[in-house]
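See structure below.
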Amino acid sequence: MFTSERNAIVIAIGAAALAACASLPSAPGKPPALGTAVSAEEIARFDISIPPSGAGLPAGSGTVKQGAQVYAAKCLACHGEKGAGKPADALVGGIGSLATPKPVRTVGSYWPYATTLFDYTRRAMPITNPLSLTDDEVYAVSAYVLFLNGIIGEDAVMNAQTLPRVKMPNRDGFISDWPPRKL
Amino acid sequence: MKSRKGDASPMPQASRGRRDFLTQGAALVTGAASVGIAAGASAQGLAGQPWERVYGAGFTGYGQPSRFEQPVMRHIGRPYGDLAPGTGASLAPIETLEGIITPSGLHNIRSHSGTPDIDPKEHQLLLHGLVARPLKFSVEALSSYPMTTRIYFLECSGNSNRALAPQPAQVPAGAIHGNMACSEWTGVPLRVLLQEAGLRPEAKWLLAEGADSAHMSRSIPVEKALDDALIALYQNGERLRPEQGYPVRLLLPGWEGNMSVKWLRRLKATEEPTHTKDETSKYTDLQPGGRALQFTFEMGVKSVITKPSSTMKLPRSGTYEITGLAWSGAGRIRRVEVSTNGGATWNDAALTGEERPKALVRFRFPWEWSGKEAVLQSRATDEKGQVQPARKAWLAQYSPGNIYHNNSIASWSVGADGSVKNVYV
């Protein structure tokens, strides 16, 4: 038997074993394999998720001062003066409140990673017109919100290098429950 | 036909006109003799409601509930009001429903930026990251795979957070505990697509992302993706409703509903979780010391009495059926007990649907109400031996600010006047 044939059989057995132990078995028969190849350029237009490492952060940068202008134009109406909130969520405050009977969870007090601020702002904000901000604007408004929380200085510049290095106050505030704790 | 003009019909004029038209039509087909018999029967005073004396409505392409069932509606919560009318939740009116399948139009909804109006011809699912072959799938392509059908519940991890308000809300059971529903789902096991793309061994997570305007995203452990995750295309026999992720959603049986990403447009295999907004700032469970549990995926064992329940009134003492729903993200429901005295004593209820893992189970318990005050509770146990916790025990695990994963026992009091109220026990 040729090696490639043997490998194909081993892979097939492996896949069958995987399916056999799964709690949702596949339908009988060989699936049709109808996925089509996709180019790196097309993937790049969709791939907007930014993990804590900062992998995938785009080029560009923004300052606190620039962010204040973006905020005033596109965020203030919902998130209030200086991120105080109302009608939408507060973005500022609550640091030190998490262990009290009235915890206040904001970007400053609760969010563990600054990269999530960039990710979420770019994918979902402003709520009436998401995907409309430029990368520079997202960096800038992220810088402004981090500054309002006292996490970065007034002269800080946010870009693909600096943003992942921002240490959020509640960085160590989470306990992963996956894999699940033993009962 | 002329002789019928003067009969003493109890019907309103508009109906008579229609009847005359119809009977004339019938006469064309069957002859005047049969019309004469029908007219005579009415005159003899035989029983028959007005709707028995007119021809019924014609066919419709898509059926609707009776107009007399119009009050059966979801309970809508919009925390941001008109600012973001599609942000919030719409809860299933479980207090009015029976059986275990939630009608698709009454399935609970949790949406972050409204319901997108997706053209299935333009939608695609991208699968990339740590795979040998990045692939995209059209909805037509996904629809051509061999299908798998299962019944599963879906529960928002914020369900029953209204039961954490300082005072018990006097609202229907569904407005508190209805961020949960159960459907028959049909689609392609996610494992099939991952095998096609060649998932690499270093891939431990999948970032799942929706095509709504929030691009709602969550990190999914590969173990779940390979076990029972479903790429769902159909719900209760028809294509997914837009509010449920049309044309394609992720379905993670037994896990918090937020992870079953609707309007699924992208899956990216990664080594580490992405720590999206909805798995850090939201859907994390704050504990008393100020630290939060993250990635608490499985929904706990839970039950709720749907009838009698809050805001209902028992009209008289006598025999009632106490009924409700039970479910567990860990698998099958093994037992549901009912107490009518605030937990002093418990009795086993009869179960329907307990053979299905991660699906709703209907429980029933016959109860003789003497007319005295009572407190009704239900307590579920699953096949892993996990028992639904008492309210106080559940509360002790978390910060007062936690709003997720409340699976504690719900209590309804019955007053001497028969009024049923939400109470904290």
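Taken over the stretch A:163-183, the residue count meeting the criterion of being without any contact (Cβ under 8 Å) to a residue 12 or more places away in the chain and touching a Ser or Thr at 6+ places or on another chain (Cβ under 9 Å) is 3. Scoring A:Thr100 on the criteria (1) out of contact with any Pro (no Cβ under 8 Å at 6 or more places or on another chain); (2) part of a loop (DSSP other than H, G, I, E, B); (3) more than 9 Å from every other protein chain (Cβ to nearest Cβ) leaves a single failure, condition (3). Taken together, the residues in the stretch B:254-268 that are at the interface with chain A (Cβ under 9 Å from one of its Cβ atoms) and crowded, with 24+ Cβ neighbours inside 10 Å amount to 2. Under the condition of being within 21 Å of B:Leu135 (Cβ to Cβ) and touching a residue at least 40 places away in the same chain (Cβ under 8 Å), which residue from the stretch A:18-50 is surrounded by the fewest Cβ atoms within 10 Å (Cβ to Cβ)? Only one residue tops the list, namely A:Ile48.
Here B:Arg133 meets the list (1) of a type in the set (D, E, K, R); (2) surrounded by fewer than 21 Cβ atoms within 10 Å (Cβ to Cβ); (3) over 27 Å from B:Pro221 (Cα atoms) almost entirely, failing just condition (3). Considering every residue within the stretch B:148-169, establish whether at least one is over 25 Å from the mean Cα position of the chain (by Cα) and closer than 25 Å to B:Ile76 by Cα. Within the stretch B:148-169, one or more residues are over 25 Å from the mean Cα position of the chain (by Cα) and closer than 25 Å to B:Ile76 by Cα.
For (1) within 7 Å of chain B (Cβ to nearest Cβ); (2) at pLDDT below 50; (3) not in a loop (DSSP other than H, G, I, E, B), each residue gets a yes or a no:
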site: A:Met1; (1), (2), (3): no, yes, no
site: A:Glu5; (1), (2), (3): no, yes, yes
site: A:Ala12; (1), (2), (3): no, yes, yes
site: A:Leu18; (1), (2), (3): yes, no, yes
site: A:Pro25; (1), (2), (3): no, no, no
site: A:Pro32; (1), (2), (3): yes, no, no
site: A:Glu41; (1), (2), (3): no, no, yes
site: A:Pro52; (1), (2), (3): yes, no, no
site: A:Gly56; (1), (2), (3): no, no, no
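Scanning the stretch A:131-183 for residues that are among the aliphatic types (A, V, I, L, M), part of a loop (DSSP other than H, G, I, E, B) and modelled with pLDDT of 95 or more gives A:Leu131, A:Leu133, A:Ile151, A:Ile152, A:Ala156, A:Ala160, A:Val166, A:Met168. Taking the criterion of being of a type in the set (A, V, I, L, M), in a strand (DSSP E or B) and within 12 Å of chain A (Cβ to nearest Cβ), the residues of the stretch B:78-135 that qualify are B:Leu125, B:Leu126, B:Leu127, B:Val131, B:Leu135.
To keep it simple, each residue is scored yes or no on (1) of a type outside the set (D, E, K, R); (2) at pLDDT below 95; (3) more than 20 Å from the chain's Cα centre (by Cα).
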{"position": "B:Gly329", "(1), (2), (3)": "yes, no, no"}
{"position": "B:Lys358", "(1), (2), (3)": "no, no, no"}
{"position": "B:Pro366", "(1), (2), (3)": "yes, no, yes"}
{"position": "B:Ala380", "(1), (2), (3)": "yes, no, no"}
{"position": "B:Gly385", "(1), (2), (3)": "yes, no, yes"}
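Scanning the stretch B:212-236 for residues that are outside any loop (DSSP other than H, G, I, E, B), touching a Gly at 6+ places or on another chain (Cβ under 8 Å) and facing another protein chain (nearest Cβ under 10 Å) turns up B:Ser217, B:Leu230.
Please go through the stretch B:269-324 and give me each residue that is of a type in the set (D, E, K, R), under 26 Å from the mean Cα position of the chain (by Cα) and either within 14 Å of chain A (Cβ to nearest Cβ) or closer than 24 Å to B:Arg110 by Cα (or both), ordered by number. Scanning the stretch B:269-324 gives B:Lys277, B:Asp278, B:Glu279, B:Lys282, B:Asp285, B:Glu298, B:Lys302. Considering the stretch B:46-86, the residues that are exposed (fewer than 10 other Cβ atoms within 10 Å of the Cβ) and either within 30 Å of A:Ala90 (Cβ to Cβ) or basic (Lys, Arg) (or both) include one that is modelled with the lowest pLDDT, namely B:Asp82. Residue selection: B:Tyr246 satisfies the criterion of being away from every other protein chain (no Cβ under 11 Å), in a loop (DSSP other than H, G, I, E, B), in contact (Cβ under 8 Å) with a residue 12 or more places away in the chain and within 26 Å of B:Thr102 (Cα to Cα). Would you mind stating whether B:Val304 is part of a strand (DSSP E or B) and either without any contact (Cβ under 8 Å) to a residue 60 or more places away in the chain or over 16 Å from B:Trp412 (Cα atoms) (or both)? Taking the combined requirement at face value, the residue does not satisfy it. Within the stretch B:54-77, the set of residues being touching a Leu at 6+ places or on another chain (Cβ under 9 Å), part of a loop (DSSP other than H, G, I, E, B) and not aliphatic (A, V, I, L, M) comprises B:Tyr55, B:Arg74. Please work out if B:Glu202 is in contact with a Leu (Cβ under 7 Å, 6 or more places away or on another chain), at pLDDT 95 or above and assigned to a loop (DSSP other than H, G, I, E, B). When the stated conditions are applied, B:Glu202 passes them.
The residues of the stretch A:58-79 that are part of a loop (DSSP other than H, G, I, E, B) and either within 14 Å of another protein chain (Cβ to nearest Cβ) or among the acidic types (Asp, Glu) (or both) amount to a single one, A:Cys75. Inspection of the stretch B:102-110 finds no residue satisfying the criterion of being at pLDDT below 95, buried (at least 17 other Cβ atoms within 10 Å of the Cβ), of a type outside the set (Asp, Glu) and farther than 22 Å from B:Arg265 by Cα. Could we say that B:Leu154 is part of a strand (DSSP E or B) and more than 28 Å from A:Pro28 (Cβ to Cβ) here? For B:Leu154, the condition - part of a strand (DSSP E or B) and more than 28 Å from A:Pro28 (Cβ to Cβ) - is not met. When the test is whether a residue is in contact with a strand residue (DSSP E or B) (Cβ under 6 Å, 6 or more places away or on another chain), assigned to a helix (DSSP H, G or I), at pLDDT 95 or above and at negative phi, B:Ala163 does not pass it.
Condition check for A:Ser53 on (1) without any contact (Cβ under 8 Å) to a residue 24 or more places away in the chain; (2) over 22 Å from A:Pro130 (Cβ atoms): one failure, at (1). Consider the stretch B:366-425 and keep the residues that are touching a Leu at 6+ places or on another chain (Cβ under 9 Å) and among the β-branched types (Val, Ile, Thr). The one that is farthest from B:Gly158 (Cα to Cα) is B:Val414.
Quick one: in the stretch A:90-112, which of the residues that are among the hydrophobic types (A, V, I, L, M, F, W, C) and farther than 15 Å from B:Thr280 by Cα is modelled with the lowest pLDDT?
Among those that are among the hydrophobic types (A, V, I, L, M, F, W, C) and farther than 15 Å from B:Thr280 by Cα, it is A:Ile95.
The values are calculated or read from the model by the stated rules, or taken from the named source; none is laboratory data. Note that the structure is predicted; figures quoted are calculated from it, not measured. A quick note on method: Cβ atoms are made from the backbone with ideal geometry, for glycine too, and the neighbour counts reach across all protein chains shown.
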